[in-house]
Amino acid sequence: AKLVNSTRIAFLVIAIAILIVSAVQSELKFYLFLEPERINRIGQYILQYFPPDFTNWKLYLEDTLITIAMGIWGTLLAAIAAVPLSIMASNNIFPAWVVQPTRRILDAMRAINELVFALIFIVAVGLGPFAGVLSLFLHTAGTLGKLFSEAVEAIEPGPVEGIRATGASKFLEVVYAVIPQVIPLWTSFTLYRFESNVRSASVLGIVGAGGIGVSLYQSFGSFEYQKVCAILIILIVATSLIDLV
């Protein structure tokens, strides 16, 4: 018991030390928000966004639909790719010599931001939404692959062992014993990532990957903050509708 308590205290001390170092590295200065001059400056800046300018609402709506379409296809392709990758990254299904390389591939896909992927694909396929779809696909496949594999590793072993005892192939083992147990979680993860991808797709237009981000970037660049506000409101409404559906 003493050893356990000592270990917990050691971990607590290490965690606190990490938080302190991270705070210094992040230059956390929350006290800045207590300065009246700074608060007034923020307030004056925010007031420039109102009232929202919906003059080009048709264009914004069309761009938002493109953004949602990018999110749909980026998520769909990612979910399809994540299924085999997640199975191969699960310790309870495959041996370590398959699991570890697959996990490193998923790590690489997650580590590279969608904007970086977008810049790469713009060179490959040109400007437009297709580059955005491909960038969302790769990054999201890495994320879903990780989440899917954790769901697979948490399944009940009984059905898997039962199928395995019949001499069934690895493929049948996955189809009849693994997938039925993880489908609810996989569906939940995929829907959440779809919502996240719509938000991410709205930013990809900044680098020329299509969608509402193009208008957003242009409005910011020309200091037309009231148009920016209108775009943000449309994005909020679109995200809310997706969540509702």
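Taking the chain as a Gaussian network, where each spring joins two C-alpha atoms under 10 Å apart, which residue of 189, 50, 30 fluctuates the most?
Top of the fluctuation ranking is 30.
So if we plug the beta-carbon distance of residue 244 and residue 18 into 1/(1 + (r/R0)^6) with R0 = 35 Å, what FRET efficiency do we get, rounded to 0.05?
FRET efficiency, residue 244 to residue 18: 0.35.
Per residue, how much accessible surface does the chain expose to a 1.4 Å probe? Answer in Å², no decimals.
Heavy-atom accessible area per residue stands at 60 Å².
Do the sum for the chain: with -39,500 (n - 2.57) for every DSSP H run of n ≥ 4, divided by all residues, what is the mean residue ellipticity at 222 nm, to the nearest 500 deg cm²/dmol?
Value at 222 nm, helices only: -26000 deg cm²/dmol.
Starting from the Cα of residue 187, step 7 Å along the direction of its Cβ; do the same at residue 233; then give the gap between the two resulting points in nm.
3.6
Anything in the chain that counts as a DSSP H helix reaching 30 Å or more along its axis (C-alpha) with Kyte-Doolittle mean of at least -0.5? List them, would you?
Within the chain the helices that satisfy the rule are 2-25, 57-88, 129-153, 179-204.
Give, as ranges by residue number, the residues of the range 90-115 whose backbone N falls under 18 Å from the point 7 Å along Cα→Cβ of residue 25.
111-112
What FRET efficiency would be calculated for the residue pair residue 169, residue 125, taking the C-beta separation as r and a Förster radius of 25 Å, to the nearest 0.05?
Efficiency at R0 = 25 Å is approximately 0.10.
Two decimals is fine: what is log10 I(q)/I(0) at q = 0.10, 0.16, 0.19, 0.21 Å⁻¹ for the range 1-151, from a Debye sum with one equal scatterer on every Cα and no solvent?
-0.72, -1.01, -1.04, -1.10
Test of the criteria: in the range 1-84, which GluC sites (Glu not before Pro) are in a DSSP loop and have at most 14 other Cβ atoms within 10 angstrom of their Cβ?
Within the range 1-84, the qualifying GluC sites (Glu not before Pro) (loop, at most 14 other Cβ atoms within 10 Å) are 27.
Roughly speaking, to the nearest percent, how much of the chain's 1.4 Å accessible area is carbon and sulfur?
72
The values are calculated or read from the model by the stated rules, or taken from the named source; none is laboratory data. Bear in mind the structure is a predicted one, so any value in this text is a computation, not a measurement. Cβ coordinates were reconstructed from backbone atoms using ideal geometry, including for glycine residues, and neighbour counts include every protein chain displayed. Just the protein is used for accessible areas: all its heavy atoms, side chains included, with ligands, DNA and RNA removed. Shrake-Rupley method; radii C 1.70, N 1.55, O 1.52, S 1.80 Å.
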